[in-house]
Amino acid sequence: MGSIGPATCHHLYPPFPSDIPTAPLVSISLAKLESGDEEESNAFFEACKNLGFFYMNTEGSELGDKLIFEAEQLHGVQQEFFKRPNEEKEEYAREKIDLFFGYRHVELNIKEQDGRPKRNETYNMRKDDIVGNCDPLPCHPLAKENQALLKNYVYHCRAAINLMVSHLESHLQLPSGALAKLHRIEERSGDHVRFQHAAIQPYNDEIAKQGEHTDFGTLTILFNWLGGLQVRLPGTEDWVYVKPIPGSAVVNLGDALVKFTAGILRSNIHRVVPPPPPQDGQQRNSLVYFSRPEDGVVLRRLEGGLIDRQTRTEKQELELTAQEWTLRRSVGDLKGVYTHKGGLELRHEQQPVETK
């Protein structure tokens, strides 16, 4: 393992400002998790309980080097994708191909130089298409041309996620595989790679509030090159930016882990707003891998270990499969969860699709 990882393109963008408060994310070494370092594993578990967000530092990890290299390559692919004509991208709109996967856009009340409305855009590519678990949905030619790159990226994201899941099993005192067997890569799930594009736009408080959400699934791996992601600090109404760090991904927990662990772990509320100056004059792209439980897995508390010590409420919790949960959350039909230590804090009657 080398000590210097692959180059990133962060230096091509204006620097993130040094004079604004940022989220207190701890940095967790992927290499140390791979080696079974006890102190690092403990720090990882505390981050999962307390904020639900942390940096995954890839330095010194062969797997991490692959993730950085592939993320940079896919960053170039997504930039090319979002430059394509709108009519071309709309051929793969989710309204045409799937309830959740495909291209999606929101038109803004500000215009491009040619008079067309600016767009915030996403393109969701499901894991099952990429690894060959099913007949694939129609996909844009750029995705087809980069199938090998996408497949490698999916497998390497899942390797990092599987590693983190194994550490969670240990800390939760669950049998080995108790969580992993709910996330088998060869089984159908809502896992997907997302290209995301945010147009240059002014900050709008109402739009920012509408974008507050928790993630639907298990673990999310985010690579970004500009600021814009904000988290709300637990127990406060304070929103702070997450600073992009070259060589590190941002990882956060989703609702599924809150439900599986009866609230021990945290799915923290967050949102995406325009980058702070001097980055606010740049179009913002981010690359996201969302992991979900298998489609047929019911989202309810598991049995055993620390979970059995959590208070059981008399209230009957809604039990849905992971597939049902994702579809209902994606249309704003269900609330998110983002607490820990013995209960579910349910807010925001309608929440948007996850953004990063």
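Numerical summary
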item	result
Residue in the stretch 6-27 that is touching an Asp or Glu at 6+ places or on another chain (Cβ under 7 Å), within 25 Å of Arg271 (Cα to Cα) and of a type in the set (Val, Ile, Thr) present	yes
Verdict on Gly177 being surrounded by fewer than 16 Cβ atoms within 10 Å (Cβ to Cβ) and not charged (D, E, K, R)	yes
Scan of the stretch 5-42 for residues that are of a type in the set (D, E, K, R) and touching a residue at least 40 places away in the same chain (Cβ under 8 Å), ordered by number	Glu34
Pairs where the first residue, in the stretch 95-121, is among the polar types (S, T, N, Q) and the second is outside any helix (DSSP H, G or I), C-beta under 8 Å, 6+ apart	Asn109/Pro117; Asn120/His105; Asn120/Val106; Asn120/Leu108; Asn120/His197; Asn120/Ala198; Asn120/Ala199
Only listed residue being touching a Pro at 6+ places or on another chain (Cβ under 9 Å) and either under 25 Å from Thr214 (Cα atoms) or of a type outside the set (Lys, Arg) (or both), chosen from Asp37, Asp129, Asp135	Asp129
Single residue of Leu219, Leu229 found to be open to solvent by less than 10 Å² (accessible area, probe 1.4 Å), over 28 Å from His171 (Cα atoms) and in contact (Cβ under 8 Å) with a residue 12 or more places away in the chain	Leu229
Residue list for the stretch 259-289, filter: modelled with pLDDT of 95 or more, assigned to a helix (DSSP H, G or I) and closer than 29 Å to Gly304 by Cα	Phe260
Meets criteria (in contact (Cβ under 8 Å) with a residue 60 or more places away in the chain, within 29 Å of Gly235 (Cα to Cα) and either open to solvent by less than 10 Å² (accessible area, probe 1.4 Å) or among the aromatic types (Phe, Trp, Tyr) (or both)) for Phe81	no
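The values are calculated or read from the model by the stated rules, or taken from the named source; none is laboratory data. All figures in this text were calculated on a predicted structure; none of them were measured in a lab. Positions of Cβ are generated from backbone atoms using ideal geometry, with glycine treated the same way; all protein chains shown enter the neighbour counts. To get the accessible areas, we keep the full protein, side chains included, count just its heavy atoms, and leave off ligands, DNA and RNA. Shrake-Rupley method; radii C 1.70, N 1.55, O 1.52, S 1.80 Å.
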